[in-house]
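First up is the structure itself, then whatever we jot down about it.
The values are calculated or read from the model by the stated rules, or taken from the named source; none is laboratory data. Note that the structure is predicted; figures quoted are calculated from it, not measured. Cβ atoms come from the backbone with ideal geometry, glycine included; neighbour counts cover every protein chain shown.
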Amino acid sequence: MSAETDFIWWKHGVLCEIWPRSYYDSNGDGSGDIQGIIQKLDYLAELGIDGIWLGPVNKSPMVDSGYDVADYRSIDPLYGTMADFEQLLAEAHKRNIHIIMDMVVNHTSDQHAWFKESRLSRDNPKRDWYIWHDRKRGRPPSNWKAAMGGGVWQWDNATKQYYLHSFFKEQPDLNWRNPAVRQEIYATMRFWLDKGVDGFRCDVLNYFLKDDQLRDNPTSLSAGIFNGFQKHLYSRSQPGMEEILRQMRAVLDGYKDRMMVGEVFVAQDGPAMAAAFMGDGDLCHLSFEFSLLFTKWDAARFKEMINGWFAVLSAKGWPCNVLSNHDQPRAVTRWAAGADTQKRAKVMAALLLTLRGTPFLYYGEEIGMPDSPIKRGDVMDTVGKMYWPIVKGRDAERSPMQWNAGPQAGFSSVKPWLPLNADYSEINVAAQEKDPLSVLNFYRRLIALRREKPALQRGGYEQVPSDKNILAYRRTYHNEEILVILNFAGERKVQAIDSSKRWKVLLGTQRSSESAIDKDGLAVYPYEALILEEDK
Ligand code: BGC
């Protein structure tokens, strides 16, 4: 098999995160569902994606929008039935679209049968499936702060002990030091793999292990409010994770072509931690690294972040790149609110789809869909309910997909579970399909180009000297050379290019394949994204 034809879907393909409740409502209850996603598979196939990361769909009381699972082997009725899920797998596979599920196993819901048993008595057989501790000198056993605010220890009066929760108190953490817990989770992975699921996005992997001596975390003002002003030295990212990752990997390796992508959640641990979770390509297949997502709109900062991320990868480690997800404001809202939104959206698209590594789109990103501002009365995310107005929660980036300019943006026949963005009559799939210069059509062309060019899929990456407002890099594979030039500024800038070579335009926001390229220095248009190839 030649290297060019050896297509590994999770490595060379393009993936897209779908928030199931917001994609398409097939049954008129205001919430998106699995049948709705099935109805949109042709759209996704046309976009050119190779896989879907499906947000959590297991049975859940929805304290954390499904990241609080009450039964790992079920589908929540809000989204449909197990038969619907199996149909989604079959229909997606027919179109060469892979499905990866969210695996949320740092914690369960407090409504999970295991926790209900665990809290019954100190000698219950499931007691040790969670992390229970006595009071220490009349106080909680450690000073650790939860990611959703407050301390991690919740007092349970029935058995007079605390249990640990890294997120909400309704999300008790599983005890990953207990082999019985591990075996049950691995069996659950097999349950889904046997159905044909192609892999898992593993939620907050670096939270699984905590210090067994429960040492206090040091206070750190620079760690900021979201880390509870402490450095999570003992409450997260403890040694021993490699063994767990190897065991999970062994489960996946028992099947053909399956994968896992780890979420390594804490910014303070930086890219090195995300890289460590991939080992030498033998632990997680991919892991998310969020420094690009947290970067400001500044070409020089992007250069630094990309270099930092790529530098820590092991020889077989493979980057995966993400600009938006369900936990952060969308990229166009962060980087392009106000003026020139669609132009900047195309620069982001070109970056994500020409960078070395697996790109993960977030649904709606391909139409430049912005956040939908939320009012107090519409808040659904518990984070927003608890901390309004200081923190408004994550609803804005989870708003319904904008399919057309008709009622409810073509998302539903009734009022959707979250408010629609006011601008859906302009920003929607139907309108953009008709416009050859739309963001959607640019994404489609970029994805098609990536599929066609081995240098973009799997080639080397090297930054090219440029103006501070320009990010320029070469992607090379054998004798194929592609040059990407991205102007982050709303002004013309000059980019020097190798004048010993002839260049042709592969794709650009302001030029066509006929445009001549001046070898002595290219006058790059404001917010231009340009992809050139050496013309041999
Ligand atoms: C998910 C969040 C969730 C948290 C707890 C995160 O990383 O992406 O949406 O609230 O894990 O499960």
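Restricting attention to the stretch 514-536, which residues are within 23 Å of Met348 (Cα to Cα) and exposed (fewer than 15 other Cβ atoms within 10 Å of the Cβ)?
Once the filter is applied, which keeps residues that are within 23 Å of Met348 (Cα to Cα) and exposed (fewer than 15 other Cβ atoms within 10 Å of the Cβ), the stretch 514-536 yields Ser515, Ala523.
Working only within the stretch 179-208, note down all residues that are among the basic types (Lys, Arg) and within 16 Å of the ligand (Cβ to nearest atom). Full working, then the answer.
Filtering the stretch 179-208 down to residues among the basic types (Lys, Arg) leaves 182, 190, 195, 201.
Scanning the stretch 179-208 gives a single hit, Arg201.
Of the residues that make up the stretch 508-524, is at least one among the small types (Gly, Ala, Ser), within 34 Å of the chain's Cα centre (by Cα) and part of a loop (DSSP other than H, G, I, E, B)?
The initial filter retains those residues of the stretch 508-524 that are among the small types (Gly, Ala, Ser), namely 508, 512-513, 515-516, 521, 523.
Of the ones still in play, those that are also within 34 Å of the chain's Cα centre (by Cα) are 508, 512-513.
This time we only want the ones that are part of a loop (DSSP other than H, G, I, E, B), so: 512-513.
So far as the stretch 508-524 goes, yes, one or more of its residues are among the small types (Gly, Ala, Ser), within 34 Å of the chain's Cα centre (by Cα) and part of a loop (DSSP other than H, G, I, E, B).
So Pro141 ticks every box in (1) in a loop (DSSP other than H, G, I, E, B); (2) of a type outside the set (Val, Ile, Thr); (3) modelled with pLDDT under 95 but one. Which box is left unticked?
Every listed condition holds for Pro141 apart from (3).
Check every one of the strands (runs of 3 or more DSSP E) wholly within the stretch 461-503 and list those with 2 or more residues that are touching a Gly at 6+ places or on another chain (Cβ under 7 Å), among the hydroxyl-bearing types (Ser, Thr, Tyr) and surrounded by 15 or more Cβ atoms within 10 Å (Cβ to Cβ). Write out each step before concluding.
Details: elements: 470-477, 480-487, 493-495.
Those strands (runs of 3 or more DSSP E) span 470-477.
Can you tell which of Lys303, Lys296 is surrounded by fewer than 21 Cβ atoms within 10 Å (Cβ to Cβ) and either free of Cβ contacts under 8 Å to residues at least 60 places away in the same chain or not assigned by TED's automatic domain parsing to the domain that holds Leu15 (or both)?
Numbers: Lys303 fails: either free of Cβ contacts under 8 Å to residues at least 60 places away in the same chain or not assigned by TED's automatic domain parsing to the domain that holds Leu15 (or both).
Within the list Lys303, Lys296, the selection yields Lys296.
If you check Pro373 against the conditions, is it out of contact with any Phe, Trp or Tyr (no Cβ under 9 Å at 6 or more places or on another chain) and closer than 22 Å to His285 by Cβ? Break it down into steps so the answer makes sense when it comes.
Details: out of contact with any Phe, Trp or Tyr (no Cβ under 9 Å at 6 or more places or on another chain): yes; closer than 22 Å to His285 by Cβ: no.
No.
What are the residues in the stretch 208-234 that are surrounded by 15 or more Cβ atoms within 10 Å (Cβ to Cβ) and at pLDDT below 95, if any? Spell out how you get there, then give the answer.
Kept after step one, since they are surrounded by 15 or more Cβ atoms within 10 Å (Cβ to Cβ), are these residues of the stretch 208-234: 208-211, 214, 217, 220, 223, 227-228, 230-234.
Listed by number, the residues that qualify are Ser220, Ala223, Asn227, Gly228, Gln230, Lys231, His232, Leu233.
Does the stretch 68-95 hold any residues that are within 16 Å of the ligand (Cβ to nearest atom), in contact (Cβ under 8 Å) with a residue 40 or more places away in the chain, in contact with a Pro (Cβ under 9 Å, 6 or more places away or on another chain) and not hydrophobic (A, V, I, L, M, F, W, C), and which are they?
If the condition is that a residue be within 16 Å of the ligand (Cβ to nearest atom), in contact (Cβ under 8 Å) with a residue 40 or more places away in the chain, in contact with a Pro (Cβ under 9 Å, 6 or more places away or on another chain) and not hydrophobic (A, V, I, L, M, F, W, C), then Asp68 is the only one that fits.
How many residues does the stretch 106-119 contain that are acidic (Asp, Glu), more than 15 Å from the ligand (Cβ to nearest atom) and assigned to a loop (DSSP other than H, G, I, E, B)? Don't jump to the end; show me each part of the working.
Just the residues of the stretch 106-119 that are acidic (Asp, Glu), to begin with: 110, 117.
Now restrict to residues that are more than 15 Å from the ligand (Cβ to nearest atom): 117.
So of that shortlist, the ones also assigned to a loop (DSSP other than H, G, I, E, B) come out as none.
Total meeting the criteria: 0.
Can you tell me which condition Met278 does not meet? The list is (1) surrounded by 22 or more Cβ atoms within 10 Å (Cβ to Cβ); (2) modelled with pLDDT of 95 or more; (3) within 16 Å of the ligand (Cβ to nearest atom), and all the others hold.
Met278 satisfies all of (1) surrounded by 22 or more Cβ atoms within 10 Å (Cβ to Cβ); (2) modelled with pLDDT of 95 or more; (3) within 16 Å of the ligand (Cβ to nearest atom) except (3).
If a residue must be at pLDDT 95 or above and β-branched (Val, Ile, Thr), how many such residues does the stretch 281-305 contain?
Summing the residues that are at pLDDT 95 or above and β-branched (Val, Ile, Thr) in the stretch 281-305 gives 0.
Out of Lys195, Lys160, Lys231, I need the residue that is of a type in the set (Lys, Arg) and closer than 25 Å to Asp134 by Cβ. Which one?
On the way: Lys195 fails: closer than 25 Å to Asp134 by Cβ; Lys231 fails: closer than 25 Å to Asp134 by Cβ.
Every option except Lys160 fails the conditions.
Could you list all residues from the stretch 150-178 that are small (Gly, Ala, Ser) and either touching a Phe, Trp or Tyr at 6+ places or on another chain (Cβ under 7 Å) or away from the ligand (no atom under 16 Å from the Cβ) (or both)? Spell out how you get there, then give the answer.
Going residue by residue through the stretch 150-178, those that are small (Gly, Ala, Ser) are 150-151, 158, 166.
The answer is Gly151, Ala158, Ser166.
Yes/no matrix, rows are residues, columns are (1) polar (S, T, N, Q); (2) under 24 Å from Glu452 (Cα atoms); (3) crowded, with 24+ Cβ neighbours inside 10 Å; (4) not assigned by TED's automatic domain parsing to the domain that holds His478:
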site: Gly13; (1), (2), (3), (4): no, yes, no, yes
site: Cys16; (1), (2), (3), (4): no, yes, no, yes
site: Tyr23; (1), (2), (3), (4): no, no, yes, yes
site: Asn27; (1), (2), (3), (4): yes, no, no, yes
site: Gly32; (1), (2), (3), (4): no, no, yes, yes
site: Leu41; (1), (2), (3), (4): no, yes, no, yes
site: Gly55; (1), (2), (3), (4): no, no, yes, yes
site: Asp64; (1), (2), (3), (4): no, no, no, yes
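Is there any pair linking a residue in the stretch 212-228 that is in the same structural domain as Gly240 (by TED's automatic domain parsing) to one that is part of a helix (DSSP H, G or I), with Cβ under 8 Å and at least six apart or on different chains, and which?
So the pair list comes out as Ser220/Asn227; Ala223/Gln268; Asn227/Gln268.
Part of a loop (DSSP other than H, G, I, E, B) and at pLDDT below 95: does that describe Met62?
Working: part of a loop (DSSP other than H, G, I, E, B): yes; at pLDDT below 95: no.
It is false that Met62 is part of a loop (DSSP other than H, G, I, E, B) and at pLDDT below 95.
Are any of the residues in the stretch 96-105 assigned to a helix (DSSP H, G or I) and more than 16 Å from the ligand (Cβ to nearest atom)? Can you show your working first?
Start the filter on the stretch 96-105 by keeping residues that are assigned to a helix (DSSP H, G or I), which leaves none.
No.
Considering only helices (runs of 4 or more DSSP H) fully contained in the stretch 320-402, which possess at least 2 residues that are in contact with a helix residue (DSSP H, G or I) (Cβ under 9 Å, 6 or more places away or on another chain) and crowded, with 23+ Cβ neighbours inside 10 Å?
In the stretch 320-402, 331-336, 341-354 are the helices (runs of 4 or more DSSP H) which contain 2 or more residues that are in contact with a helix residue (DSSP H, G or I) (Cβ under 9 Å, 6 or more places away or on another chain) and crowded, with 23+ Cβ neighbours inside 10 Å.
Just one of Ser372, Ser287, Ser291, Ser324 is more than 24 Å from Gln463 (Cα to Cα) and among the hydroxyl-bearing types (Ser, Thr, Tyr); which is it?
Details: Ser287 fails: more than 24 Å from Gln463 (Cα to Cα); Ser291 fails: more than 24 Å from Gln463 (Cα to Cα); Ser324 fails: more than 24 Å from Gln463 (Cα to Cα).
Exactly one of Ser372, Ser287, Ser291, Ser324 is more than 24 Å from Gln463 (Cα to Cα) and among the hydroxyl-bearing types (Ser, Thr, Tyr), namely Ser372.
Considering the stretch 404-415 alone, what residues qualify as being surrounded by fewer than 22 Cβ atoms within 10 Å (Cβ to Cβ) and either in a loop (DSSP other than H, G, I, E, B) or within 16 Å of the ligand (Cβ to nearest atom) (or both)? Step through it out loud before you land on a result.
First, the residues of the stretch 404-415 that are surrounded by fewer than 22 Cβ atoms within 10 Å (Cβ to Cβ): 404-408, 410, 413-415.
Answer for the stretch 404-415, where residues must be surrounded by fewer than 22 Cβ atoms within 10 Å (Cβ to Cβ) and either in a loop (DSSP other than H, G, I, E, B) or within 16 Å of the ligand (Cβ to nearest atom) (or both): Asn404, Ala405, Gly406, Ser413, Val414, Lys415.
For Phe302, all conditions in the list (1) within 16 Å of the ligand (Cβ to nearest atom); (2) under 24 Å from Glu397 (Cα atoms); (3) not acidic (Asp, Glu) hold save one; what is the number of the exception?
(1)
Those residues that are of a type in the set (D, E, K, R) and either crowded, with 21+ Cβ neighbours inside 10 Å or at pLDDT below 95 (or both), I need them from the stretch 146-163; list them, please. Quick ask: steps written out before the conclusion?
Our first condition is that a residue be of a type in the set (D, E, K, R); within the stretch 146-163, this holds for 156, 160.
The answer is none; no residue qualifies.
What are the residue pairs meeting all of these: first residue in the stretch 327-356, first residue of a type in the set (A, V, I, L, M), second residue within 16 Å of the ligand (Cβ to nearest atom), Cβ atoms under 7 Å, and 6 or more apart or on different chains?
Ala331/Leu323; Ala331/Ser324; Met348/Leu323; Leu352/Leu323
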